[in-house]
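First up is the structure itself, then whatever we jot down about it.
The values are calculated or read from the model by the stated rules, or taken from the named source; none is laboratory data. Here the structure is a predicted model, which means the values were calculated and not measured. Ideal geometry is used to build each Cβ from the backbone, glycine not excepted, and the neighbour counts take in all protein chains shown. SASA here: full protein model, heavy atoms, side chains in, ligands and nucleic acids out. Shrake-Rupley method; radii C 1.70, N 1.55, O 1.52, S 1.80 Å.
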Amino acid sequence: MPLVVNRAPVLTLWATVVAERLGHPADTALTLGRAVSWSAARVKARNIGRDERQADRDADTPALAVVHVTAPVLLLGKMIRLFPNADGELRAADGDQPAYPAGVQRNLGNAFGDRLAEARAAMKELAARYDPAELNRIGFRLYERFRPDIPLGSPGWGAKAALEIDKILSAT
């Protein structure tokens, strides 16, 4: 049976796996994965005319109340801000607050269903083939090779398609 999913959770899971390969703790990696996926979605939305420009939104937004405590993390070509949670653990930003990894995990579970472990294992196998720095450098291109094929432009926005585990395992 094919695994049918839209691209956002696929990118979230892949970026999470890459973040873990780079040495980030699992909960931090989950929030980093979601941040990469959201960043890519915003870029796509602007490219197909479905979202206002970030600068336009920021013009009416007050400055962030919390300052990140580390240099932003570069993950798959995206710069991600980190904030400490109440326990001092670093999480990717969700607005001006640290993101919650449990919500990211729940969303992945909903998207992949009982095939989440299978998809994660294939992505981990692919990630393990590369030195972490090289993986981070080429990781988005690898994702583009195995992501679900959906229609281009606005018709593909939010569409689901088959994620082929064999394409993940054979990506180079």
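Take ASN136 and decide whether it is under 17 Å from VAL36 (Cα atoms), open to solvent by 20 Å² or more (accessible area, probe 1.4 Å) and part of a helix (DSSP H, G or I). Against the criterion (under 17 Å from VAL36 (Cα atoms), open to solvent by 20 Å² or more (accessible area, probe 1.4 Å) and part of a helix (DSSP H, G or I)), ASN136 qualifies.
Scanning region 117-131 for residues that are among the aliphatic types (A, V, I, L, M) and more than 16 Å from PHE146 (Cβ to Cβ) returns a single hit, ALA117.
Taken over region 1-34, the residue count meeting the criterion of being in a helix (DSSP H, G or I) and open to solvent by 40 Å² or more (accessible area, probe 1.4 Å) is 6. Each residue in region 99-115 was checked for being open to solvent by less than 50 Å² (accessible area, probe 1.4 Å) and closer than 15 Å to ALA26 by Cβ, and 6 pass.
In this structure, does GLU118 turn out to be among the charged types (D, E, K, R), open to solvent by 60 Å² or more (accessible area, probe 1.4 Å) and either in contact (Cβ under 8 Å) with a residue 24 or more places away in the chain or within 21 Å of ARG42 (Cα to Cα) (or both)? Walk me through how you get there before you give the answer.
Values: among the charged types (D, E, K, R): yes; open to solvent by 60 Å² or more (accessible area, probe 1.4 Å): yes; either in contact (Cβ under 8 Å) with a residue 24 or more places away in the chain or within 21 Å of ARG42 (Cα to Cα) (or both): yes.
Judged against the criteria, GLU118 is a match.
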